[in-house]
Amino acid sequence: MSQSADVVIVGGGVIGLCVALSIAQRSRLSVTILEKGLATGEGSTGASSAVCRFRYSKQEMVELARDGIAGYQNWADYLKCSSPLGKYQRHGNVWLGLNRHAYEGEVERLGKLGVRASYLDDAALSELYPALNRCVRRPKFETGEAHVCRGGGRHLLEFDSGYMEPGDVLVDLVNACRAHGVTIRFRSEATVIKQSGGTVKGLGLADGDRITTGVIVNAAGPWCGRLMLAAGIDNPWPLLPTRVQIVQIDRPDGLEGNIPICADPASGIYFRPARDGHQIIVGSLLEKDEREHITNPDSFLRLADDKFIREKLFALERRIGKIDYSKTIRSYSGLYTINKADVHPVIGPTPLSGFYVANGFSGHGFKLAPAIGRLLAAQITSKSLPGDPQIEPEFLAFDRAPFRIETNSVLA
Ligand SMILES: Cc1cc2nc3c(=O)[nH]c(=O)nc-3n(C[C@H](O)[C@H](O)[C@H](O)COP(=O)(O)OP(=O)(O)OC[C@H]3O[C@@H](n4cnc5c(N)ncnc54)[C@H](O)[C@@H]3O)c2cc1C
């Protein structure tokens, strides 16, 4: 079967869906999404912790996070739909400090970018979140030995951080895309990129179908490298699908007060409440836990390793007190795509005219997605709307130079 579309988006994860919706909301272009899975959520998005926090080292990334999170905070308006499933769960994000000078200047820097934040000393932290231990010392993972806790850190609270349930977001985006006339084809894997004279002409699908188009967006998440190969693009970016592990437990009985979203550099973990506060999700902040690069994104271990589970629960227990190990402990792994050159994504046109990329989001693509959708839609349609990100598109462009960065971890 042969069809045509003005724009074909390869990948029905949160990025592809947001790009499609934003194009459909601002133009009359016909848009088709190709998703090789039976449903959305089979890639990174389905496993995402979906933490929406603002603090990044680069100003432009703070702006993109702010604009992306604004999309979730005003979700019905973003979708142009009156009753979405997804609801932004605002819990605040606490960055625990390692000393009394921690996060120097950050409240002011974030404030200038429209992000509300405040410093907390130990007393303020305990008043807001009594369950959190204020200790600044690293747990002895190697031995599991107890240590004498020491406080005295300065902590940073981002008031408006939160999370969304990724499954709800995907359902809402599929519905909104369809309501805006976007065609979504499941079980449709793009395998061939047709081109002539350096310009995109169409795609071939695994089932033999063909689609004629002048614009293709690579939103294939961990599979993005395959599509670039199919396009024959000279890709300078090492975009590596990487296995990332998560542990999920029931909230221990007797825990006092709210658990915020928490970044805990001393213990190397982050955690957040889940399922209306009845559960807690724990992940890693450490670069050492982001080194398992996967050659075939269709085949990787979906559970977390025992060692990972033990280590992260030990770290969490030190932070929130006794965990009930008799209750069910769930674990899973997902893939995200790390740009090994500088852990920042690449977004925009490529040397193959009509072929756009939105790839390499590491652990940040969920919060950024509503903003990335608008950023790329503005580039593809040459039409801007109020609410579009104001960063220069060159900032994350495919032909940019790699950034010099201090850390290669998820905290970059
Ligand atoms: C464990 C984990 C925790 C995370 N935590 C956070 C967090 O707290 N905050 C945050 O902001 N981000 C987080 N992320 C990152 C975030 O989830 C990702 O950056 C984001 O989901 C990427 O979305 P995507 O649409 O690019 O990719 P995906 O969701 O992977 O979507 C790509 C889709 O493309 C499809 N596809 C691939 N190739 C083809 C093809 N050839 N033809 C058709 N379809 C194709 C795939 O089936 C897939 O559905 C986390 C990720 C993981 C794995």
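The values are calculated or read from the model by the stated rules, or taken from the named source; none is laboratory data. Note that the structure is predicted; figures quoted are calculated from it, not measured. Glycine also receives a Cβ, built like all others from the backbone with ideal geometry; neighbour counts cover every protein chain displayed. Remember, those area values only see protein heavy atoms, side chains included, never the ligands or the DNA or RNA. Shrake-Rupley method; radii C 1.70, N 1.55, O 1.52, S 1.80 Å.
Descriptive notes on the structure:
- Within the stretch 108-129, being open to solvent by less than 30 Å² (accessible area, probe 1.4 Å) and either under 23 Å from the mean Cα position of the chain (by Cα) or among the acidic types (D, E) (or both) holds for L110, L113, V115, A117, D122.
To keep it simple, each residue is scored yes or no on (1) touching a Ser or Thr at 6+ places or on another chain (Cβ under 6 Å); (2) open to solvent by 20 Å² or more (accessible area, probe 1.4 Å); (3) not assigned by TED's automatic domain parsing to the domain that holds F141.
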{"site": "K307", "(1), (2), (3)": "no, yes, no"}
{"site": "L313", "(1), (2), (3)": "no, no, no"}
{"site": "H364", "(1), (2), (3)": "no, no, yes"}
{"site": "G373", "(1), (2), (3)": "yes, no, yes"}
{"site": "I380", "(1), (2), (3)": "no, yes, yes"}
{"site": "D388", "(1), (2), (3)": "no, no, yes"}
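- So E104, is it open to solvent by 50 Å² or more (accessible area, probe 1.4 Å) and near the ligand (Cβ under 8 Å from one of its atoms): no
- Only residues that are open to solvent by less than 30 Å² (accessible area, probe 1.4 Å) and touching a helix residue (DSSP H, G or I) at 6+ places or on another chain (Cβ under 8 Å) were counted in the stretch 216-248, giving 14.
- Matching option when the condition is touching a Cys at 6+ places or on another chain (Cβ under 6 Å) and either within 30 Å of P236 (Cβ to Cβ) or among the acidic types (D, E) (or both), among P370, P297, P351, P345: P370
- Matching option when the condition is at pLDDT 95 or above, assigned to a strand (DSSP E or B), surrounded by 15 or more Cβ atoms within 10 Å (Cβ to Cβ) and away from the ligand (no atom under 14 Å from the Cβ), among L156, L132: L156
- Unique residue being under 21 Å from V94 (Cβ atoms), crowded, with 19+ Cβ neighbours inside 10 Å and not acidic (D, E) when the list is R275, R251: R251
- Test: I294 is touching a Ser or Thr at 6+ places or on another chain (Cβ under 6 Å), surrounded by 13 or more Cβ atoms within 10 Å (Cβ to Cβ) and closer than 27 Å to E42 by Cα: no
- Residue count, the stretch 352-362 (criterion: within 7 Å of the ligand (Cβ to nearest atom) and open to solvent by 10 Å² or more (accessible area, probe 1.4 Å)): 2
- L368 within 13 Å of the ligand (Cβ to nearest atom) and in contact (Cβ under 8 Å) with a residue 40 or more places away in the chain: yes
- Here the stretch 315-339 is the region considered, the condition is being among the basic types (K, R) and surrounded by fewer than 17 Cβ atoms within 10 Å (Cβ to Cβ), and the residue that is nearest to P252 (Cα to Cα) is K322.
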